Amino acid sequence: MTMLIVATIGALGLVLTGCATDPQNPAEQSISTQQGGSANTAGDLLAAHGLDGLTGQEIVDKLDNLNQAERPSSLFASVRANSLVLTDGGAQEQVVALPEDEFYVSIAPFLTQTHECYFHSLTSCVGELQNKDIQVRIVNDADGTVLVDEATKTFDNGFIGYWLPKDITATVEITHDGNTATATLGTGPDDPTCVTTIQLA
């Protein structure tokens, strides 16, 4: 069962309203969590956005794949290494656990325009290349295992997202319309879940 924790996250307002950048503590951004609280309040936040009954992983996948017009403007969802932090910008805030052995990394390849980002915001981060055909290959640097090798399309928000094994270093290669770039990804507790530095050329 997905662990839901009603949380007090006053300091997180800024990082949840857009793409979060350069946190002092990238692992969890100093979340102050109170166990207990109102289960109904937590359930109401998920239910209001059609997310009740879903695991943290399912919530991430659903929100990142939404069309821009369908993304809830009143819900902010920030992906961390171990948890998904959700808030309505007001009184309702909560943390949902993510898989212990997987790390979600969201990548926005670009040609000319990008933005700073560290923790991916599922409802407000937008990249340059939206709904574009790309080729993606991701290889585990430690043993050469090919983790991803596919022709795909960027989401409506200009990102692509993958669940990778935790605590590895990998090389990603992305190609779009004859332009290619390679970069190194990390999936440790201090690594970013939002990668916006891969410029295709």
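The values are calculated or read from the model by the stated rules, or taken from the named source; none is laboratory data. Everything numeric in this text was worked out from a predicted model, so none of it was measured. Positions of Cβ are generated from backbone atoms using ideal geometry, with glycine treated the same way; all protein chains shown enter the neighbour counts. We work out accessible area using only protein heavy atoms, side chains counted, and drop any ligands, DNA or RNA first. Shrake-Rupley method; radii C 1.70, N 1.55, O 1.52, S 1.80 Å.
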Subset of the stretch 176-191, residues within 21 Å of Val146 (Cα to Cα) and in a loop (DSSP other than H, G, I, E, B), comes to Thr187, Gly188, Asp191
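Only one residue in Val126, Val148 is over 16 Å from Cys19 (Cα atoms) and either in contact (Cβ under 8 Å) with a residue 12 or more places away in the chain or loosely packed, with under 15 Cβ neighbours inside 10 Å (or both). Which one?
Working: Val126 fails: over 16 Å from Cys19 (Cα atoms).
Only one candidate qualifies: Val148.
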Log entry, pairs with first residue in the stretch 164-182 being without any contact (Cβ under 8 Å) to a residue 24 or more places away in the chain, second being part of a strand (DSSP E or B) and open to solvent by 40 Å² or more (accessible area, probe 1.4 Å), beta carbons closer than 7 Å, six or more apart or on different chains, reads Thr180/Glu173; Thr182/Thr171; Thr182/Glu173
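Any idea which of Asp167, Asp190 is at positive phi and either among the charged types (D, E, K, R) or open to solvent by 40 Å² or more (accessible area, probe 1.4 Å) (or both)?
Values: Asp190 fails: at positive phi.
Being at positive phi and either among the charged types (D, E, K, R) or open to solvent by 40 Å² or more (accessible area, probe 1.4 Å) (or both) holds for just one of Asp167, Asp190, which is Asp167.
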